[in-house]
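Novice: Below is the structure I would like to discuss, written out as structure tokens.
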Amino acid sequence: GVQAEDEWQTVFPLLARHYGETLRADNQRRIDRGEAPLPLDDTLAEALKVRASDLIRPTHWPNIQMIGAQLNLYWAEFQIPVWRMASRSWKLWSALTDSLSADGVLDQYDLIFLDTPPALGYLTINGLAAADIVLVPFGASFLEFESTGRFFDMLSSTFSSIEDSENIAARALGREELHFEWDAIRAVMTRYDANQQAEMAALIQSYLGPSLSPHRQDFTALIGQAGEQVHGIYEADYRDFNRETYARGRETFDRTYAAFKTLLLGIWRRDELARE
């Protein structure tokens, strides 16, 4: 039920604010050197006033809140490289993490999901850089399997390239080097039809190994109706289905969530032990 009217109700102002703060610091250094500062345009000046709390909206679940998204957010994919060219010192990949942390969001919530576009653009890079766990859903077809493999290749090469570029300067200045790490990366097979895709699924499993969740999301009537009515399967009324269809539809999601919860609790426990 959350609708974002424009990009100013999405994470865009948080990214713009992060750049604006970098530009303001760069300008102070320019002034100190006797150089003219770069102008702070209206977009950046407005973004500097925005905090995450201004964007977070309630949902019809009492313990879940969200920052919405809409098509205009994609404008960030064109604006971010322009900002990066103007300020090479701007750490664009950490804009989302730094902004959420500065506004206290990371301390206010037990769990934050970042639902990124299905492409490795600047928005997705920000989401991945902020994440501890990466979940990649894909269908059990050759084309989707191939695109998922390419995504993993691009993920590795993109973040390795960022590390290499940043660490040249870090080593020269004696700073701590940059390393991107995730606690877990899992591919999750969705819309699975055991009657037609079992052989393909076995092939995918042999390639991805433990990176692929063993629990496959069966495509059932429960899933189909949820997609048509734009709601989650846990909102579906069990009285709309026969008992077997409802139980089978819930079962695969329950198993997948149980595996994710085990992974999450293990990470939380590790962090707890580290603090102790």
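The values are calculated or read from the model by the stated rules, or taken from the named source; none is laboratory data. Remember, predicted model here, so these are calculated numbers, not experimental data. Every residue, glycine as well, gets a Cβ built from its backbone with ideal geometry; the counts of neighbours run over all protein chains shown. These area figures cover heavy atoms from the full protein model, side chains too; ligands, DNA and RNA do not enter into them. Shrake-Rupley method; radii C 1.70, N 1.55, O 1.52, S 1.80 Å.
Novice: Could you list, in sequence order, all residues of region 118-161 that are in a helix (DSSP H, G or I), in contact with a Phe, Trp or Tyr (Cβ under 6 Å, 6 or more places away or on another chain) and farther than 18 Å from R84 by Cβ?
Specialist: Passing the criteria: E144, T148.
Novice: For region 162-276, which fully contained helices (runs of 4 or more DSSP H) count at least 1 residues that are open to solvent by 50 Å² or more (accessible area, probe 1.4 Å) and touching a Pro at 6+ places or on another chain (Cβ under 9 Å)?
Specialist: Ranges flagged: 194-208, 243-275.
Novice: Another question, then. Being touching a residue at least 60 places away in the same chain (Cβ under 8 Å) and either open to solvent by 80 Å² or more (accessible area, probe 1.4 Å) or within 28 Å of T190 (Cβ to Cβ) (or both) narrows it down to one residue among A129, A86, A69; which is it?
Specialist: One residue alone meets the criteria, A69.
Novice: P81: assigned to a loop (DSSP other than H, G, I, E, B) and either open to solvent by 70 Å² or more (accessible area, probe 1.4 Å) or at pLDDT below 95 (or both), yes or no?
Specialist: Spelling it out, it is not the case that P81 is assigned to a loop (DSSP other than H, G, I, E, B) and either open to solvent by 70 Å² or more (accessible area, probe 1.4 Å) or at pLDDT below 95 (or both).
Novice: Which one of D54, D42 is open to solvent by 40 Å² or more (accessible area, probe 1.4 Å), over 13 Å from F12 (Cα atoms), among the acidic types (D, E) and at pLDDT 90 or above?
Specialist: D42
Novice: Ok, one more. Do we find a residue being under 25 Å from the mean Cα position of the chain (by Cα), closer than 29 Å to G149 by Cβ and among the small types (G, A, S) anywhere in region 251-262?
Specialist: yes
Novice: Right, here's the next one. Quick one: which residue in G34, G104, G20 is surrounded by 14 or more Cβ atoms within 10 Å (Cβ to Cβ) and either free of Cβ contacts under 8 Å to residues at least 60 places away in the same chain or in contact with a strand residue (DSSP E or B) (Cβ under 9 Å, 6 or more places away or on another chain) (or both)?
Specialist: Matching residue, one of G34, G104, G20: G20.
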